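Following: one structure in structure tokens, then a few remarks.
Derivation of every value follows stated rules applied to the coordinates shown; laboratory data play no part. Treat the numbers as computed from the prediction; the structure is a model and nothing was measured. Note that we place each Cβ from the backbone using ideal geometry, even for glycine, and neighbour counts take in every protein chain shown.
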Amino acid sequence: MRTRTQVGIVGAGPAGLLLSHLLHRAGIESIVLENRSREYVEHRVRAGVLEQAPVDLLKSAGVGARLAREGLVHRGIELRFGGRGHRIDFPSLTGGRCITVYGQQEVVVDLIGARLAAGGQVLFEVADVSIDGIETSAPRIRYTSGSEGHEIVCDVIAGCDGFHGICRQALPDHQRHVFERTYPFAWLGILARAAPSHEELIYAYHERGFALFSMRSPEITRLYLQVAPDEELASWPDERIWEELHTRLETDDGWRLNEGPVLEKGITPMRSYVCEKMQHGRLFLAGDAAHIVPPTGAKGMNLAVADVHVLAQALTELLKSGRRDLADAYSQTCLKRVWRAEHFSWWMTSMLHRFPDDDGFQQRLQRSQLDYTVSSPAAATSLAENYVGLPFE
Ligand code: FAD
Ligand code: PHB
């Protein structure tokens, strides 16, 4: 079976779905291919923080109604260390900007709903996806659905298939310069049916390791613990997780963490990764397919949104008027923001985690940096400005 579309999009995560939606609004047709089921992608628990600019984009693109109703607007975060909390106030440090806590899977639910309501094609549970012809003007995507083989002939392919996808491998070796760091720890994350015991996120630095308190709604708490990189979930029964969270998060002035039934748990490795370039011929990579950040700066989903904001404009210009300037500048435009987020995520990660081979030197630097960040308006402004994110150009 052979079909045609203007933009073939691999991956129905935030990047692929939002790109398809933005292109539709610009009058450009696309087909999204996803190897998982709709049920799976709509329930995959991942990131939770949206910067101001992605929130504004989702709202102005007509997919922000539920986000506006149910998203929790946060005007600060807390850095907790030495047994007490220190608040960083975003609006006063950033000219009024804030973040919104709204689960990534809710963004995915809203985007799938909008695409299907507009008659868009999002094909789930496809298999054996491969791409070729990216150096020609008619690149192709092949896949199987059921037992049938299919081919889509496109003008452009967007690789939005995440870090483990297949599109990045299609870049020729000499075009794929990879910059990478792995960290000597991972995050164990849980979702619990428990009312959040604090109104804002808490990033806790503790001698036993980092912990993060976050939330999804007035009934659901999201929590993370720094663990060893090779840690197995089986060694972490719920009681051990709660005990460790209490130890790392609780303060000397009596703040206590609410417990509740654990609804989900998983371990996420920590990595920084950038593929330069993000485009070759008629293949454009966006989101985790091109770059990964450790989650400490809450930047992953935000970068995916920022990439496709740039890409939708570039492809609209390319496919409507044949002008190539935005498409040719795509990698360069995105990588500027990507490297700022890479630096911020690396900096937050380095400041807040225990390093296993530390002889005490790193810990003293961390305490000095934390003290400085919460006492100097200049240092606090730098954190706040990066956390709420740069405006889109
Ligand atoms: P993805 O959301 O990964 O979407 C890619 C899609 O492509 C997926 O639906 C996948 O199933 C599909 N796909 C893959 N291969 C193929 C193929 N061959 N054919 C068809 N489809 C394919 N960020 C944070 O800020 N905070 C967090 O707490 C956090 N936790 C995370 C936990 C995990 C386990 C992971 C993997 C990431 C986490 N992130 C977090 C990062 C954030 O979730 C990502 O940055 C974000 O998902 C990027 O969106 P994306 O659309 O680029 O990629
Ligand atoms: C989350 O709520 O899942 C979350 C929040 C902040 C982070 C990472 C994850 O830095």
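Could you state the number of Å between the C-alpha centres of the stretch 122-166 and the stretch 45-96?
35 Å
Can you give the local net charge around N386? Use residues other than it whose beta-carbon is closer than 12 angstrom to its beta-carbon, Lys and Arg +1, Asp and Glu -1.
Neighbourhood net charge equals +1.
Would you mind calculating the gained length between S60 and L116 on full extension (0.36 nm times residue separation, minus the Cα-Cα distance), in nm to one decimal?
Difference between extended and current length: 18.3 nm.
Rounded to a whole number, what is D in µm²/s for the chain from Stokes-Einstein with the Kirkwood radius over alpha-carbon pairs (25 °C, 0.890 mPa s)?
112 µm²/s
Please list, in chain and number order, the residues 5+ apart from R4 or on another chain whose amide H is under 5 Å from its amide H, with Hs placed from the backbone.
Residues meeting the criterion, in which the H sits 1.01 Å from N, are V153.
Where in the chain are the DSSP H helices whose alpha-carbon span along the long axis reaches 27 Å or more and whose Kyte-Doolittle mean is at least -1.0?
Span-like helices in the chain: 300-321, 330-352.
How many angstrom lie between the Cα centre of the stretch 13-44 and the Cα centre of the stretch 251-292?
Rounded to whole Å, the Cα centres lie 19 Å apart.
Take every DSSP beta bridge whose two residues both sit in the chain, then give the antiparallel share in percent to the nearest 5.
70 percent
Can you tell me the length gained on complete extension of the stretch L72 to A228, counting 0.36 nm per residue apart and subtracting the Cα distance?
On the way: separation 156, 0.36 × 156 = 56.16 nm, distance 3.14 nm.
Result: 53.0 nm gained on full extension.
So how do E244, E317, E135 line up by other beta-carbon neighbours within 10 Å, fewest first?
E135, E317, E244
Relative to the present Cα-Cα distance, how much length would full extension add between R25 and F163 at 0.36 nm per residue of separation? Could you put the intermediate results ahead of the total?
Numbers: separation 138, 0.36 × 138 = 49.68 nm, distance 2.72 nm.
Here the segment from R25 to F163 would lengthen by 47.0 nm.
What is the calculated FRET efficiency for L365 to R181, with r their C-beta to C-beta distance and R₀ = 25 Å, to the nearest 0.05?
About 0.90, to the nearest 0.05.
Could you put C160, C275 in order, starting from the residue whose Cβ has the fewest other Cβ atoms within 10 Å?
Fewest-to-most Cβ neighbours within 10 Å comes out as C275, C160.
Order these by the 10 Å Cβ neighbour count, fewest first: T221, T5.
With the fewest neighbours first, T221, T5 line up as T5, T221.
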